[in-house]
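The values are calculated or read from the model by the stated rules, or taken from the named source; none is laboratory data. Small disclaimer: the values here were computed from a predicted structure and weren't measured. Note that we place each Cβ from the backbone using ideal geometry, even for glycine, and neighbour counts take in every protein chain shown. For accessibility, only protein heavy atoms count, side chains too; no ligands or nucleic acids. Shrake-Rupley method; radii C 1.70, N 1.55, O 1.52, S 1.80 Å.
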4 protein chains.
Amino acid sequence: MRTFRLVIACPDRVGIVAKVSNFLASHNGWITEASHHSDNLSGWFFMRHEIRADSLPFGIEAFREAFAPIAEEFSMNWRITDTAQKKRVVLMASRESHCLADLLHRWHSDELDCEISCVISNHDDLRSMVEWHGIPYYHVPVNPQDKEPAFAEVSRLVKQHEAEVVVLARYMQILPPELCSEYAHKVINIHHSFLPSFVGAKPYHQASLRGVKLIGATCHYVTEELDAGPIIEQDVVRVSHSDSIEDMVRFGRDVEKMVLARGLRYHLEDRVLVHGNKTVVF
Amino acid sequence: MRTFRLVIACPDRVGIVAKVSNFLASHNGWITEASHHSDNLSGWFFMRHEIRADSLPFGIEAFREAFAPIAEEFSMNWRITDTAQKKRVVLMASRESHCLADLLHRWHSDELDCEISCVISNHDDLRSMVEWHGIPYYHVPVNPQDKEPAFAEVSRLVKQHEAEVVVLARYMQILPPELCSEYAHKVINIHHSFLPSFVGAKPYHQASLRGVKLIGATCHYVTEELDAGPIIEQDVVRVSHSDSIEDMVRFGRDVEKMVLARGLRYHLEDRVLVHGNKTVVF
Amino acid sequence: MRTFRLVIACPDRVGIVAKVSNFLASHNGWITEASHHSDNLSGWFFMRHEIRADSLPFGIEAFREAFAPIAEEFSMNWRITDTAQKKRVVLMASRESHCLADLLHRWHSDELDCEISCVISNHDDLRSMVEWHGIPYYHVPVNPQDKEPAFAEVSRLVKQHEAEVVVLARYMQILPPELCSEYAHKVINIHHSFLPSFVGAKPYHQASLRGVKLIGATCHYVTEELDAGPIIEQDVVRVSHSDSIEDMVRFGRDVEKMVLARGLRYHLEDRVLVHGNKTVVF
Amino acid sequence: MRTFRLVIACPDRVGIVAKVSNFLASHNGWITEASHHSDNLSGWFFMRHEIRADSLPFGIEAFREAFAPIAEEFSMNWRITDTAQKKRVVLMASRESHCLADLLHRWHSDELDCEISCVISNHDDLRSMVEWHGIPYYHVPVNPQDKEPAFAEVSRLVKQHEAEVVVLARYMQILPPELCSEYAHKVINIHHSFLPSFVGAKPYHQASLRGVKLIGATCHYVTEELDAGPIIEQDVVRVSHSDSIEDMVRFGRDVEKMVLARGLRYHLEDRVLVHGNKTVVF
């Protein structure tokens, strides 16, 4: 069933829901899902509606025009999307395949509702797996002494494929700040997390040495500050002293792939609203 | 902050949210929390608003009157509650203290926002613990040959204390059907759960014999059909072959007390909406 | 590092550990992992040792001969395996690919230490995915009116490939009792589980109608009694009223594939000991 | 059933298990539980046996003497404890009661097998609750300008009560280093944990601002370096944007009390072995 998704964030005040729901009701909009959140800390209001496209008398462009005055009145950050327009996703990977394989399979079995435009990798290892899925694979090696040409090429490919989302499926390279800010809240990363966190190299080794009992993963939007962007999803898995570092890494892979898949799905379904560094995931 | 909670379930159709939010906005109602759910299976719509009492020009009775025509128009099952009116809770227990002690402590430390009117038990074991909290304790023994007089007394006490909620905190007796239906969706029970479930006596023993890896608990409303009422909350805890039956029972107690406390809180905050046997927990 | 795995179950009595560890020490065996469990309910003792192969003065056949008298003295059910001999696994699937794809990827990326001899399916849908991995694919359609020929062919293929393990990766057909008993504790199945369990058709539908909050999966050995075999692994995932039946099925797939992968790994590493219907998973 | 617990950590080499199990078998020791762990990273071996006291021909002192030569041969860190000798526990608390109330109830209902010698607090708030349990309560206020006299008094009380374990049940004060090192691996603390961790004040506030999805707690031994001691147990609970900071704090309390109770139980049962900063929890 084709729906429009109306996603709104704005300063909180009386009358927002009334205005928006009146607008929808006056056009006979059939709401299949509605979520609201009033955030006390920031004083902002967040809202997401899913509306049956066939219940409305107009298409998405006319919707946009008709809704604009309301959006202006309430100083809304807003967007409306059409589920008939699949989002174009660019996946980036390195040598490790667990996240990439999981996402490709979910896409292949129609679980992830998107278009995967291409895969970009700094290694050539995963080409065959990607191409079996009928997806273009670009090998863009990164020269550690001069990364600029590689990232220029990455940037060009992302633009050429008109990517709406970039997923770092264990890409293992830090994107340049320009790319991060150009695609703010559109680049999704996954990385391991611990309680407490371990700073520096070999975090699994450090975690093992302190008897850590939980291995976690965090899916977040990439910002210029490394691994400090708004969090979309997290989870953990239990480990014990009898798990070797290799076991812990393996458990880490499992939780990474699950958390990334969930985070990407929330993004594709326009469920993630960001204000400052805070996320609302409807 | 004092709020009114407006809780609605009705057949789904276009315009419900618009009508309700217009009503609230026209009276300047400041919504602090709003939740909606449209249930495809049943075609029902569920809605909960929390509104600052001091933003409205009238009290709860006037609210009720003013809202009644809307409720009628949409054939709503609805209620409005006032957080200034604490719900009166009757706790029922037997010999095991873990759930009772946990609830009493949460109440004592102002975590549970309710009035605990009394504790009724078929044994006298927990009297001292209850009375230390300044709560009346009624010992109503149940004669296995003739349970009727005991349940008549239980029923009388529940009425005398004007209970709005009855919590079976490991009461271990089956309430008579009349009481269940008189207090439909007002009697909360907790019991252990397994994957898969084990029918008959000694479920922990059966579970151990099959190498079960998870011990769970289910909090639900009591209905005439035993342990088949609408589910409010569930959780599990992991066990292994190295856990004895006693260990499993102990893990079971922990998950029971946590799940019951969460379930009761959801009920007290008017977060649980029931339609048929399905729950919506906002 | 090549190891031998010595796995023992026997009636419990004084001196078992001393006898076994003396035997190992007298041959200079370097134990890298050792697990013991004394089961009070059954009076049985379970034991698993992992020993560096290069620390021993003899190979696995000589080990077997030398150890046999001890095994006889204590009436042991026992086996010794060599990690240099990868176990031959036959995977069986139907149309749903999530478990199969997950296992194939784990094998392909060297996470699962086994040989996948072939995939047998009652449908032809997954052939291309399997053959990309270089694994033979057998399409054995099952005639609902006469299943016998199909199962005869399945049985023949399992024998021809000298399968040591058969994994029902959502095979959706009930194996005939002869096959179950011939491959006792060698056929691994995965199925969804709920708290409480729902009997009959459309369990997700039933679960949704009762407001279930947890979706689970159980990995177990197949026995003649359907879905009642010894449990190897279980897990759950949280759902809410806002999840549709389709969402619940999707969550179910995720937990199924994780639980099956863990269960198979435990089996391949000779960590699962069975006595009666009880499992010890070291 | 009375048991002796033999707990050993030593450099790993061939023959340890044989030597220990021979010793036990030669004295007819009936092992009810045995756990071994060989740690590759450190090259150490860890071992815990639980032995029926009535199966042995001697008491704990004779056991100690008889075992000493073996312990010396293998340079063991070791101890043997007798379940008939309950460990003396001193609880320390501040104003928050959730951990203290939970531990007291577990003790009161015979779930925690220990003697609670006294409760020490820098506030007088929890006196009545503690004294209802028949346990002495010491109010030792801490002067922020000069903490030394308070900690001298704490130290005196801990010694006077011959504490074997000190539990910081949300004590909220940093113990002086001398006390930490005098009671190394005997002082248990609980504190909240996040993924990632948040440095500085108001961690829940910071976590909320970044959209954190999991709230955790870590139970660890206190060392001179704050919150960096060996980890005994951890767990998490899921939160969402709809949870206020107060909700997150409340979830935090629940996970803290569960994790502390499990950690203390493992310690009381001599299940926690420490080597460097690593824990083995059998």
Task: Low-density loop positions, GluC sites (Glu not before Pro), region B:208-282 - DSSP coil, at most 16 other Cβ in 10 Å - done: B:224, B:225
Task: Cα centroid separation, region D:200-239 to region A:176-194 (Å) - done: 25 Å
- [ ] Please figure out what share of the DSSP beta bridges in the protein assembly as shown is antiparallel and state it in percent, rounded to the nearest 5.
- [x] 70 percent
Task: Within the protein assembly as shown: Cβ-based charge dipole about Cα centre, in debye rounded to nearest 20 (Lys, Arg +1; Asp, Glu -1) - done: 0 debye
TODO: Let me have the 222 nm mean residue ellipticity of chain B computed from DSSP H runs of 4+ only, each contributing -39500 (n - 2.57), with the sum over all residues rounded to the nearest 500.
DONE: -10000 deg cm²/dmol
Open item on the list: Placing the label point 7 Å from Cα along the Cα-to-Cβ direction, what are the distances from residue D:52 to the equivalent spots in the other copies, shortest first, in nm to one decimal?
Closed with: 3.8, 7.0, 7.1
Task: Candidates per trypsin sites (Lys or Arg not before Pro) in region C:85-143, loop by DSSP, up to 16 other Cβ within 10 Å - done: C:86, C:95
Open item on the list: Please report the antiparallel percentage of the DSSP beta bridges confined to region D:87-281, to the nearest 5.
Closed with: 55 percent
Task: Inter-copy spacing of residue A:14 label points, which lie 7 Å from Cα along Cα→Cβ, given in nm from shortest upward - done: 2.9, 8.4, 8.5
Open item on the list: Quick check for you: with a 1.4 Å probe and neighbouring chains kept, what is the accessible area per residue of the protein assembly as shown, in Å²?
Closed with: 39 Å²
- [ ] Express the carbon and sulfur contribution to the solvent-accessible surface of the protein assembly as shown as a percent, rounded to the nearest whole number, probe 1.4 angstrom.
- [x] 50 percent
Task: Peptide D:253-260 - average C-beta neighbours from other chains (10 Å radius) - done: 3
TODO: Taking all pairs of distinct Cα atoms, average 1/r, flip it, and tell me the Kirkwood hydrodynamic radius of region A:87-281 in Å to one decimal place.
DONE: 17.2 Å
Task: Simple Cβ-charge dipole of chain A, Lys/Arg +1 and Asp/Glu -1, about Cα centre, in debye nearest 20 - done: 460 debye
Open item on the list: Greater than 27 Å separation of Cα atoms is the criterion. Which listed pairs, A:257/A:278; C:19/C:159; B:202/D:213; A:87/D:213; D:186/D:257; A:257/D:213, meet it?
Closed with: C:19/C:159; B:202/D:213
- [ ] Could you list the chymotrypsin sites (Phe, Trp or Tyr not before Pro) in region B:25-102 that lie in coil according to DSSP, counting only those with at most 12 other Cβ atoms within 10 Å of their Cβ?
- [x] B:58
Task: Solvent exposure, largest accessible area first (probe 1.4 Å, DNA, RNA and ligands not counted), of B:183, A:171, B:266 - done: B:266, B:183, A:171
